[in-house]
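**Q** Can you keep this structure in mind? I'll have questions shortly.
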Amino acid sequence: MTLKTVESKHEISEKEIQVESRSISASMLSDNSASSTLLDDTSFQPGPTLYIAAQGIRVFRFPLPSSELEIAIYRNDGSLAYTSTRAKKSSGNSVLRDPNIGNLVSTTYFFGPSREPVLSLLQASEKSNEEANTIKIQGKWTSRSTAFIMGDGKVFEWSYAHTKDKQGKKVNLVVLREQAPDAKTKGRIVAQLVRGEETRTPGTKSCTAGNGGQLVLDQDATSVLDEAVIVATCLMMMKKEIDRRRLIQIMVLAGAASGGP
């Protein structure tokens, strides 16, 4: 199926966007609700904020793929920044699209251990080769941290952390860092996905896999990495969460079917 077909079958209408935007409370789109729950790092200066409106999957369910074919990503003013679209439920492949520019990043997913996604830049310069337009993913099924290598050789890594909000409640974070040349030194933080009581997608819980929240970028994030790549790789991490959850669900069902120990 071509990208053009995907666009025509799953294009979001202006009415749907307006309805979805109204359903997001002002606190969800506010920089203030996340500013006190970011990972403490003197090098990180909060800048633009995006809101990823993804539902993810629950703990107790059959191990089926997510039913969300479209995920909307909004800017702080409530305007639509991007949409991530899958052609069908049985496929994890997705396309990240800017409503004004068009398709930006395609992601090909493979379910199962040691099968990393493949990300491709769709609007790169015609002079660049395929390798330069491909983002290489490096990760281990046993680890939740995932690194990716850009065409220019720069390496970035998403990893998990947590902090507490003003009420002392746990806030889950997924943190993007640019890897430092020195392996012993932590690289600068580029972005943080904040999923706390006030910032995660309404209707989801802390135990939900692949749910959205506030994606807070550093003020200078786009000087080191394209915003669309930050969003696409963040969505990749959320998809990996769903795949891990599904694998556990499959193992639980298999154990129950065999009669257990």
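No lab work stands behind these numbers, since they all come straight from the coordinates. Note that the coordinates shown come from a computational prediction; the quantities given were computed from them, not determined experimentally.
**Q** A 22 angstrom limit on the alpha carbon distance is what I want to check against. Which of Lys169/Lys240; Lys140/Lys205; Lys205/Lys239 exceed it?
**A** Among Lys169/Lys240; Lys140/Lys205; Lys205/Lys239, the Cα-Cα distance tops 22 Å for Lys169/Lys240; Lys140/Lys205.
**Q** Sticking with this structure for a sec: Any idea how far the Cα center of the range 222-261 sits from the one of the range 118-194, in Å?
**A** Centre-to-centre distance over Cα atoms comes out at 16 Å.
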